[in-house]
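Working notes, structure below.
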Amino acid sequence: MSEKRGTIPPDHLRYHSLMTRERLAECMQQGIVVPEGLAAHGRAEAFDYLIGERTTESALLAEETAAAMLLMADHPVISVNGNTAALAAGAIRDLQEASGAFVEVNLFHRTEYRMNAIGRLLEERGVRLLTGEAAPLLPLSHDRAWCLREGIYAADVVLVPLEDGDRCAALCSMGKRVITIDLNPLSRTAQTATLTIIDELTRALPGITEACRDLTRDECTSLISSLDNRYFLRSALEEIGERIRDALD
Ligand code: ATP
């Protein structure tokens, strides 16, 4: 497990970032992405710039650890929001196939229209979605408490890319092991999750998928037993610090 995965060649970076913005703008017009999602993406772009727009060694290890957690879980669930569906529907399908995880749409700004539009987008890309009657089962106020009893509520391991701090904390308080993907190592989500992957969503998901295909059971056990989230947070902050220090060299 040594070769780098999910890294975009440097000359494609600017093009990739413009395409991503166009894609998010288009999905906002369709009501899949909300304006708050664009603001969150802008924050992530700034952190990606600081981290060098690449998958770092420590993020790669976090992706392998995430794969191990999903493969060894009894009831793994991937929670998908609007930005994740807009940017990575195909990558979610691939990860579902490789990990065997359930996929549930779970939105901060939950409306029937958005639930349907996002569900349709995912299903068109081949994702098999959990369906059923949602209920306010999480210890949170408002719409954010809603989820499926046989989905996130029953999960022992939940992958929640681009999550907000309150829901991440609520899931952890229910005894779940929470994996997040978040480029901001200082966010409450990054600091609260069991495992934080500090990498861009569209690099991180294929990285987890590839590891799911490669890992043996023994490797999974060893990755899980050596999980230290402070190490992942500290490594990202050190990478950022180094880049800032060397910026004028
Ligand atoms: P928190 O509530 O956790 O303190 P926040 O208020 O910034 O953080 P949100 O806006 O709900 O929370 O979270 C979105 C997070 O997802 C942000 O930290 C942002 O950096 C990250 N993010 C957004 N888009 C991407 C992406 N494409 N790849 C990786 N991370 C992303």
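Select from segment 127-137 the residues that are under 14 Å from Ile78 (Cβ atoms) and not β-branched (Val, Ile, Thr) and write down the one among them that is most open to solvent (accessible area, probe 1.4 Å).
First pass over segment 127-137, keeping only residues under 14 Å from Ile78 (Cβ atoms): 127-130.
Checking the rest, the ones that are also not β-branched (Val, Ile, Thr) come to 128-130.
Details: Arg128: 150, Leu129: 35, Leu130: 39 Å².
Going through the qualifying residues, I end up with Arg128.
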Total residues in segment 91-116, condition farther than 21 Å from Met69 by Cα and either open to solvent by less than 10 Å² (accessible area, probe 1.4 Å) or assigned to a loop (DSSP other than H, G, I, E, B) (or both): 5
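Filter segment 197-249 for residues that are hydroxyl-bearing (Ser, Thr, Tyr) and part of a helix (DSSP H, G or I) and give the result. Steps first, please.
Let us first name the residues in segment 197-249 that are hydroxyl-bearing (Ser, Thr, Tyr), namely 202, 209, 216, 221-222, 225-226, 231, 235.
Selection gives Thr202, Thr209, Thr221, Ser222, Ser225, Tyr231, Ser235.
Does segment 58-72 include one or more residues that are farther than 24 Å from Ala101 by Cβ, within 14 Å of the ligand (Cβ to nearest atom) and not in a strand (DSSP E or B)?
Kept after step one, since they are farther than 24 Å from Ala101 by Cβ, are these residues of segment 58-72: none.
Scanning segment 58-72, I find no residue that is farther than 24 Å from Ala101 by Cβ, within 14 Å of the ligand (Cβ to nearest atom) and not in a strand (DSSP E or B), so the answer is no.
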Search result, residues across segment 24-45 that are assigned to a helix (DSSP H, G or I) and away from the ligand (no atom under 11 Å from the Cβ): Ala25, Glu26, Cys27, Met28, Gln29, Pro35
Can you tell me which residue among Leu183, Leu140 is aliphatic (A, V, I, L, M), outside any helix (DSSP H, G or I) and open to solvent by 30 Å² or more (accessible area, probe 1.4 Å)? Leu140
Can you find, within segment 143-172, the residue that is surrounded by the fewest Cβ atoms within 10 Å (Cβ to Cβ) among those that are out of contact with any His (no Cβ under 6 Å at 6 or more places or on another chain) and among the acidic types (Asp, Glu)? Asp143
When you go through Gly132, Gly126 one by one, which is the residue that is farther than 27 Å from Gly207 by Cα and either part of a helix (DSSP H, G or I) or away from the ligand (no atom under 16 Å from the Cβ) (or both)? Gly132
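Could you please let me know if Arg243 is at pLDDT 95 or above and surrounded by fewer than 21 Cβ atoms within 10 Å (Cβ to Cβ)? Can you show your working first?
Numbers: at pLDDT 95 or above: no; surrounded by fewer than 21 Cβ atoms within 10 Å (Cβ to Cβ): yes.
For Arg243, the condition - at pLDDT 95 or above and surrounded by fewer than 21 Cβ atoms within 10 Å (Cβ to Cβ) - is not met.
Check Ile197, Ile181 and return the single one that is closer than 19 Å to Phe102 by Cβ, within 16 Å of the ligand (Cβ to nearest atom) and in contact with a strand residue (DSSP E or B) (Cβ under 8 Å, 6 or more places away or on another chain). I'd like the intermediate steps shown before the answer.
Working: Ile197 fails: closer than 19 Å to Phe102 by Cβ.
The unique qualifying residue is Ile181.
The values are calculated or read from the model by the stated rules, or taken from the named source; none is laboratory data. Everything numeric here is computed off the predicted structure, so don't read it as measured data. Glycine also receives a Cβ, built like all others from the backbone with ideal geometry; neighbour counts cover every protein chain displayed. These area figures cover heavy atoms from the full protein model, side chains too; ligands, DNA and RNA do not enter into them. Shrake-Rupley method; radii C 1.70, N 1.55, O 1.52, S 1.80 Å.
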